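Asks: Dropping a structure here in structure tokens format, bear with me for questions.
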Amino acid sequence: IMFLTIKKIPVKTWSSEKPLNFKPKFSTFFFLCLGLVLFGLGEGLLVLSTTGNSPWSVFAEGISKKTDISIGAATFIVSVSVLFSWIFLKQKPGIGTVMNIIIIAGMIDVTLYLFDPPTNFFSKYLLSVVSVLLVGLGSGIYLVANLGPGPRDGLMTGLTKITNLPIAFVRACLEISVVLIGWYLGGTVGIGTLLFAFGIGPCVAFGLYLVDKIFN
């Protein structure tokens, strides 16, 4: 339960001293990529569970169905589009921002290609729980690497600075908006979406706690 009280991102020996570090140590880059691989794997497994996608994957799946491209490719396009909005928000991308776009999109497609969907009710919801845990752990690792926020995180912080609204309110508005648009386009919304929405915060905190305790 102690992990729920975490208020700041831990700093480890492999953490970058600043987000805009374009010559990170190998260990920093390795943990960044490891975190993003786990994040993308979790996102892909949640899609595979068919219990309901994460908010942004609902949006990506909706685009995928309307354009006949893969969910990973749709995720890539959405991420790049969000990144372009940073120009107006005066946000600066780091290596982590670029790798976030490439690795997560790629891992979603790889996961959907390599694994078969579960066939029974219990397996589907067990997979959805595991997937949210993986996204949380991956987030924890990639955040500690400190090589720049992902496109959506940067959009959130940029809008918060401009509007001066609470970060929780801004994030909620973004997530609700993309879910509604994605659902309208045909994306999968269900119990898994709710699991992600309510579970991702505690899971990220748990991921940060594990990283702090396990990795030096």
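The values are calculated or read from the model by the stated rules, or taken from the named source; none is laboratory data. Just so it is clear, the model here is predicted, and its values are computed rather than measured. Quick reminder, even Gly has a Cβ in these numbers, built from the backbone with ideal geometry, and neighbours come from all protein chains shown. In case anyone asks, the SASA skips ligands and DNA or RNA and just uses the protein heavy atoms, side chains included. Shrake-Rupley method; radii C 1.70, N 1.55, O 1.52, S 1.80 Å.
Asks: Can you tell me which residue within the range 133-151, out of those that are assigned to a helix (DSSP H, G or I) and open to solvent by 40 Å² or more (accessible area, probe 1.4 Å), is farthest from P202 (Cα to Cα)? Please lay out each step first, then the result.
Replies: Taking the range 133-151 and keeping what is assigned to a helix (DSSP H, G or I), we get 133-145, 151.
Subsequent filtering for residues that are open to solvent by 40 Å² or more (accessible area, probe 1.4 Å) retains 133, 137, 143.
Details: L133: 9, L137: 10, L143: 15 Å.
This residue is L143.
Asks: Here's something else I'd like to know. Can you name every residue in the range 117-148 that is in contact (Cβ under 8 Å) with a residue 40 or more places away in the chain and more than 21 Å from F30 (Cα to Cα)?
Replies: P117, P118, K124, Y125, L127, S128, V129, V130, S131, V132
Asks: If you don't mind, another one. Working carefully through the options G72, G35, find the one that is open to solvent by less than 30 Å² (accessible area, probe 1.4 Å), part of a helix (DSSP H, G or I), farther than 20 Å from V144 by Cβ and not aromatic (F, W, Y).
Replies: Matching residue, one of G72, G35: G72.
Asks: Kindly list, by first and then second residue, each pair from a residue in the range 47-64 that is farther than 23 Å from D116 by Cβ to a residue that is charged (D, E, K, R) and buried (at least 24 other Cβ atoms within 10 Å of the Cβ), limited to pairs with Cβ atoms under 9 Å and residues at least 6 apart or on different chains.
Replies: From residues that are farther than 23 Å from D116 by Cβ, the pairs are W56/E43.
Asks: Let me ask something else about it. Take the range 80-112 and flag every residue that is touching a residue at least 40 places away in the same chain (Cβ under 8 Å), of a type in the set (S, T, N, Q) and more than 20 Å from G140 (Cα to Cα).
Replies: S85, Q91, T111
Asks: Turning to a different aspect of this structure: Checking F84 against (1) at pLDDT 95 or above; (2) closer than 30 Å to S15 by Cβ, which single condition isn't satisfied?
Replies: (1)
Asks: Looking at (1) part of a loop (DSSP other than H, G, I, E, B); (2) more than 21 Å from L147 (Cα to Cα); (3) open to solvent by 20 Å² or more (accessible area, probe 1.4 Å), which is the one condition that is false for I63?
Replies: Checking I63 against (1) part of a loop (DSSP other than H, G, I, E, B); (2) more than 21 Å from L147 (Cα to Cα); (3) open to solvent by 20 Å² or more (accessible area, probe 1.4 Å), the one that fails is (1).
Asks: Identify, from the list V211, V178, the residue that is closer than 30 Å to T67 by Cα, touching a residue at least 12 places away in the same chain (Cβ under 8 Å) and in contact with a Pro (Cβ under 7 Å, 6 or more places away or on another chain). Write out each step before concluding.
Replies: Working: V211 fails: closer than 30 Å to T67 by Cα.
Of the residues listed, the single one that is closer than 30 Å to T67 by Cα, touching a residue at least 12 places away in the same chain (Cβ under 8 Å) and in contact with a Pro (Cβ under 7 Å, 6 or more places away or on another chain) is V178.
Asks: Being under 18 Å from G154 (Cβ atoms) and touching an Asp or Glu at 6+ places or on another chain (Cβ under 7 Å) is true for just one of S70, S85, S79, S54. Which residue is that?
Replies: Residue meeting the stated conditions: S54.
Asks: Of the residues I167, I200, I191, which is open to solvent by 40 Å² or more (accessible area, probe 1.4 Å), touching a helix residue (DSSP H, G or I) at 6+ places or on another chain (Cβ under 9 Å), touching a residue at least 40 places away in the same chain (Cβ under 8 Å) and on the phi < 0 side of the Ramachandran plot?
Replies: I191
Asks: Same structure again: Being in contact with a helix residue (DSSP H, G or I) (Cβ under 7 Å, 6 or more places away or on another chain) and over 16 Å from G52 (Cα atoms) is the filter here; which residues of the range 112-133 pass it?
Replies: Listed by number, the list holds a single entry, F115.
Asks: So which of P10, P24, P19, P55 is closer than 27 Å to K124 by Cα, open to solvent by less than 70 Å² (accessible area, probe 1.4 Å) and not aromatic (F, W, Y)?
Replies: Answer to the check: P55.
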